[in-house]
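Each reported figure results from applying straightforward, stated rules to the coordinates on display, with no laboratory input. Keep in mind it's a predicted model, so treat the numbers as computed, not measured. Every residue, glycine among them, receives a Cβ derived from its backbone with ideal geometry; neighbour counts consider all protein chains shown.
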Amino acid sequence: MEDKRYAVLIDADNISSKYIGSILDEMTKYGVVTYKRIYGDWTAPQAGKWKKELMENSITPIQQFRNTVGKNATDSTLIIDAMDILYTNNVDGFCIVSSDGDFTRLVSRLKESGMEVIGMGENKTPRSFRAACSVFTDLELLLEQTQEVEDVKPKKAKVKNVLNQTTVENAIIEIIMENENKGRQTGLGEIGSRLQKKYSDFDVRNYGYSSLSTFLEEIESFDLRKVNNTVIVGVREDNSIKKQVVTFAIECVTQAGKNGLELGALGQKIHSRYPNFKVKEYGYSTLSKFIYGIKPLKITPLDENRMLVFLK
């Protein structure tokens, strides 16, 4: 198969020259870069630091004067060029490098035309831009990785806008349980692919790992095993915790007496006592389904939004 062709368009107003090498190295994972353009006002004094990087990496600078104070003319020029390149049909995708959320609509428009769009920006980049991209990568992460390869001690970046690990864990559990309900096992590759589709900026390097398998191995909720040449991921069952939660739920409802206990209140009590307990890890889609499975308990609707739990 031929490598995919990409146009790399860089917003110099929002990106430092120190990232250039890391950006181009990262793009080798996706294909061949056929367009390398960078947009800014090259007459400005601070543009001087770019000269060496542009020459060494054969990047074409596109001049855009600041005609109006406070207005970013670079955005418009980059957007016009992106659309011109799109209509040439010479590329399979784009890499938009900026920390500016104003490019969100451009990314959406390129994807509407069937383009894959790789986004790169500093960790201050708004989530709207991140979510619009097919894949989004934090530049601080790439720079830190490059420094480690060069045996230079990296400065620890302040992480912003990174997905909470619990959110990722819950998403993986949903994928596994959905497959098990259909009688299918879940491979490591499928998890990586579906996470990337759901969260375009998901990257295990944000959590200090170099591979998805190592990331999952460190999470107590999952078991990994190799079947032939495929790594299968499953949810680790801890029946001792489940038994403790069942006993606790019965105790709470018993203490509530004949008036019963609202399901929402019971859920809060369980979460306070067992914060890491997740019903989806045990094959239940909701807390009510889990409570239905406890034989001494029954659930009765109180109104459209509330349910009461009683002893049978």
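Within the chain, DSSP assigns beta bridges of which about 35% are antiparallel (rounded to the nearest 5).
Straight Cα distances below 14 angstrom link K198 to the aspartates and glutamates E169, E174, E190, with same-chain residues fewer than 8 positions distant left out. Largest mean-square fluctuation among N181, N206, N229, in a Gaussian network model of the chain whose springs join Cα atoms under 10 Å apart, belongs to N229.
Reducing the stretch 155-229 and the stretch 271-312 to their Cα centroids gives an inter-centroid distance of 27 Å. Remark: spin-label model distance R109-Y207 equals 3.7 nm, labels positioned 7 Å along the Cα→Cβ axis. Estimated at 0.36 nm per residue, the fully extended path between Y292 and T167 surpasses their Cα-Cα distance by 42.4 nm.
Its residue count N fixes a reference of 2.2 N^0.38 Å for the stretch 258-312, and the Cα radius of gyration divided by that reference is 1.11. All other residues whose Cβ lies under 14 angstrom from that of C252 are scored, Lys and Arg at +1 and Asp and Glu at -1, for a net of 0. From the largest down, the stretch 194-239 spans 32, 27, 20 angstrom on the principal axes of its Cα atoms. When you work out D = kT/(6 pi eta Rh) for the stretch 167-247 at 25 °C and 0.890 mPa s, using the Kirkwood radius from C-alpha pairs as Rh and the Stokes-Einstein form, the result is 180 µm²/s. Neighbours of Y35, meaning other residues whose beta-carbon lies under 14 angstrom from its beta-carbon, give a summed charge of +1 when Lys and Arg score +1 and Asp and Glu score -1. According to the calculation over all Cα-Cα pairs in the stretch 1-67, the P(r) per 10 Å bin from zero is 19, 53, 21, 6, 1 %. Over all projection directions, the Cα-based convex hull of the stretch 1-144 averages an area of 8.6 nm².
Given their separation in residues at 0.36 nm each and the Cα-Cα distance between them, Y87 and R306 gain 73.3 nm when the chain is fully extended. Note on the chain: semi-axes of the ellipsoid equivalent to its C-alpha gyration tensor, largest first and rounded to whole Å, are 49, 22, 18. Using equal-weight Cα scatterers in the Debye expression, the normalised intensity of the stretch 214-312 in log10 at q = 0.11, 0.14, 0.25 Å⁻¹ is -0.41, -0.59, -1.37.
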